[in-house]
Amino acid sequence: SLCALVFLVSSCGTTRKLPVLEIKPMPVSKILKKVEHESPAFNNYESKKVTVEFAVNNEKNSLTGQFKTKRNKCIILSVRKLSIPLGKGLITPDSVVFVNYFDKSYLAGDFKDIKKLIGIDVDYDLIQALLTADISKLLQGANFDKGVLSDIDSQMYRINSRFDPRLDRALTSGNDKLLNRYMKRKNDSEFIDYSIWVDPQNFVTRKIYLNDIKYKKNITIRYNQYELVGRSLFPHEISFDFFSASQKFSILLKLSKTSVNADNDFSFSVPEKFEKLK
C-alpha cells in the first residue's frame, strides 16, 4: 500500500507532455483540395445573435444583431444598440442597401460606392467568404496567382503569395523612384501580398493576412473558434484588424444560435417615407 501511495503521488507530480502533431510538408494544390473538400455545405446559413465589438482609432463601441445568407444570392443583416433597432442591410452580388431607422433614411448603391466610402475593395464573394470562412472560391480568383508557395508555421500550413524579387529589392532599398517605376508597369491586383494559415487537422482557415503594397494598408482576419453546424464547421469568433497610414480599426464578431438550411424569410423592403441619401 505504501508503494502504491508513493506511485500515486509521483504520478500526480509528473507533468505529462502532450504529443505534438507531426505536420508533413504538403504541396499547395493538395492543401487547397482539402480546404475545398472541407468548405462549409449550406444553402442558407443564419446566426440569430451576433455580438460586434469594434474600435476605430482606439475609440471602442459595441453592437448586437443577426444575419442570414442565401448562398451566392444575398445577405440580410440587422444591428441593434441594447434593445433599440438601428438599421438593417441587404447585400447582393450587384447592390448594397442599408436602412437607418435612427434618422429614417437609407443608402442604396453598389460595391464601387462602398470602396469610395471606406477605401477598401470588397465584393459579395469576399463578404460571404469572411462570414463563413469558405475561402475556396477566393483562392480561384484573379488576385491569387497559381505560383503560390506553402510552408509550415505555428503548427499550421501557411500558403504564401510568390513575392517578385524585383519588388522586394525596391521595397527594402527605400528607393521611392525605383518602387514607383516598378508599380507603373503593374496592375493593382498584383500588389496584394498575402498569407493564409490552414489548420492541419480539419483544414479550416485560421488566419488570413492581406497586404496592399501599393496603398500601404493591410488587414488580418483570424478565425479563433469553430463549431459544427449541420455537417460542417463554421466560424463562431472572427476578428478583423485593419491598418493604414490614415486609420486603423478592429472588429470582433461573436456568433451564436447558428443554423443551416432553415426555412428563412429573405424578404426585404425600405419604408416608403424614408429619405434616400447620396
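Brief remarks follow.
- 3J(HN,Hα) from dihedral phi, region 201-215, Karplus parametrisation 6.51/-1.76/1.60, rounded to Hz, x for glycine, proline: 9, 9, 6, 9, 7, 9, 7, 10, 10, 10, 10, 8, 5, 5, 9
- Relative contact order %, region 60-135, counting alpha carbon pairs below 8 Å whose residues are six or more apart: 20 percent
- Scanning residues 5 or more positions from V96 or on other chains, those with amide H under 5 Å from its amide H are G109, D110, with H placed 1.01 Å from N in the peptide plane.
- Cα-based radius of gyration for region 30-117, normalised by 2.2 N^0.38 Å, reads 1.33.
- 3J(HN,Hα) along region 79-90, derived from phi through the Karplus expression 6.51 cos²θ - 1.76 cosθ + 1.60 where θ = phi - 60°, amounts to 10, 9, 10, 6, 10, 9, x, 9, x, 9, x, 10 Hz, with x in place of Gly and Pro.
- A simple count of charges around Y209, restricted to other residues whose Cβ falls under 13 Å of its Cβ and scoring Lys, Arg +1 and Asp, Glu -1, yields +1.
- In order through region 268-275: 3J(HN,Hα) via Karplus (6.51 cos²θ - 1.76 cosθ + 1.60), integer Hz, x for Gly, Pro: 8, 9, 10, x, 4, 7, 6, 8
- Positive minus negative residues near N61 (Lys, Arg vs Asp, Glu; Cβ under 14 Å): +1
- Legend: calculated FRET efficiency, F243 to D123, from the Cβ-Cβ distance at R0 = 25 Å, rounded to 0.05, equals 0.75.
- Backbone N atoms of region 75-90 closer than 19 Å to the 7 Å Cα→Cβ label point of F102 belong to residues 77-90.
- At the residue level, M26 shows approximately 30 square angstrom of accessible surface with a 1.4 angstrom probe and all protein chains present.
- Proximity of backbone amide H atoms, modeled 1.01 Å from N, is registered between V204 and D199 at under 5 Å, excluding neighbours fewer than 5 places apart on the same chain.
The values are calculated or read from the model by the stated rules, or taken from the named source; none is laboratory data. Just so we're clear, the structure is a prediction, and the values are computed from it rather than from any experiment. Glycine gets a Cβ as well: all are built from the backbone with ideal geometry, and neighbour counts include every protein chain shown. The area values use the complete protein model at the heavy-atom level, side chains included, leaving out ligands, DNA and RNA. Shrake-Rupley method; radii C 1.70, N 1.55, O 1.52, S 1.80 Å.
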